[in-house]
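The structure appears right after this line, and notes come after that.
The values are calculated or read from the model by the stated rules, or taken from the named source; none is laboratory data. Given the structure is predicted, the values throughout are model-derived calculations rather than measurements. Here the Cβ positions follow ideal geometry from the backbone for every residue, glycine too, while neighbour counts run over all protein chains shown. For the accessible areas, the whole protein counts, side chains as well, though only heavy atoms, and no ligand, DNA or RNA atoms are used. Shrake-Rupley method; radii C 1.70, N 1.55, O 1.52, S 1.80 Å.
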Amino acid sequence: MKKVVFWVFITCSLSMVVSVNAADTVENKSYYRAPFTAQAPVIDGVADESFWQKAEWKHVNHVLIGGALSEEDFSGRMKIVWDNSRLYLLAEIVDDVMSDVYADPLTHFWDDEALEIFIDEDASGGDHQFNHSAFAYHIALDNQVVDSGPDKAPHLYNDHLQSQWKRYGGKTVWEVAIKVFDDSFVDGDKTAKPVRLKAGKKLGFMLAYCDNDGGKSREHFVGSEDIVAVNGDRNRGWIDANVFGVVELVR
């Protein structure tokens, strides 16, 4: 198996049931508190800024497609931080083979090696398969970003994310800066603006990794959330935002 480490900018602190105040209980969802940073990170796959020390690691260890994996075969974790304009994700992936089989970024993008970021701006959940109630951004090894649009066709969303990764021995570190768009986003609208972020905001969020060892299809799909199967299918993140965890922005 390949060993790759991905860092993606985001702060995390998770538990399956967390109560912030008496009214802020999130049942059956992981909960991550992402700290604020006054200094935006340089997106270079290095992640040497001191503010990363404030953010907690969250594991990416739930196999949603494929057989069981040992930590020697694959391991992943992430952190998140934020400022008023973006989320910043740091992802570390250990995987010994990285494979980009399809040259066209809009063809079989889910089968190539990719970091996948699921984000629901208002944590409202629900269907988002072919709408922008939530996004499922696939970041390929060439840093191109793909999701499906309301027309049921894949589109590039390179202006939503900035990403860079570096290999360090058997691991890959990804850094990603993420603009957050709400459900009013319309494909092709050059005037669309991301939402402004503030402390106390809660977002639906999941990170996953598409693991391809050189074949025509991915061998594994590993996520940060433990998704309950529907008719034997645990690959529900690209359809149903209810399976996402929750990220709260804190100062």
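Of the listed pairs Lys79/Lys216; Lys152/Lys201; Lys29/Lys179; Lys171/Lys198, which have alpha-carbon separations greater than 28 Å here?
Correct reply: Lys79/Lys216; Lys152/Lys201; Lys171/Lys198.
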Next on the checklist: So if the hydrodynamic radius of the stretch 50-137 is defined as the Kirkwood radius over C-alpha pairs, what does Stokes-Einstein give as its diffusion coefficient at 10 °C and 1.306 mPa s, in µm² per second?
Outcome noted: 101
Checklist entry - With no solvent and one point per C-alpha, what does the Debye sum give as log10 I(q)/I(0) for the stretch 127-183 at q = 0.17, 0.24, 0.29, 0.31 Å⁻¹? => result -0.60, -0.96, -1.21, -1.30
Next on the checklist: Net charge within 15 Å of Phe181 by Cβ-Cβ distance, Lys/Arg positive one each and Asp/Glu negative one each, not counting Phe181 itself?
Outcome noted: -3
Checklist outcome for this item: For the stretch 34-79, listing GluC sites (Glu not before Pro) in a DSSP loop whose Cβ sees at most 13 other Cβ atoms within 10 Å gives Glu71, Glu72
Item to check | Value of relative contact order over the chain, rounded to a whole percent, pairs C-alpha under 8 Å and six or more apart | outcome: 29
Checklist entry - Quick one: accessible area per residue over the chain, 1.4 Å probe, rounded to a whole number of Å²? => result 43
Next on the checklist: Using only the alpha-carbon atoms of the chain as identical scatterers, what base-10 log of I(q)/I(0) does the Debye formula give at q = 0.08, 0.11 Å⁻¹?
Outcome noted: -0.26, -0.51
Checklist outcome for this item: With all protein chains present, the chain has a carbon and sulfur share of its accessible area (1.4 Å probe) in percent of 49
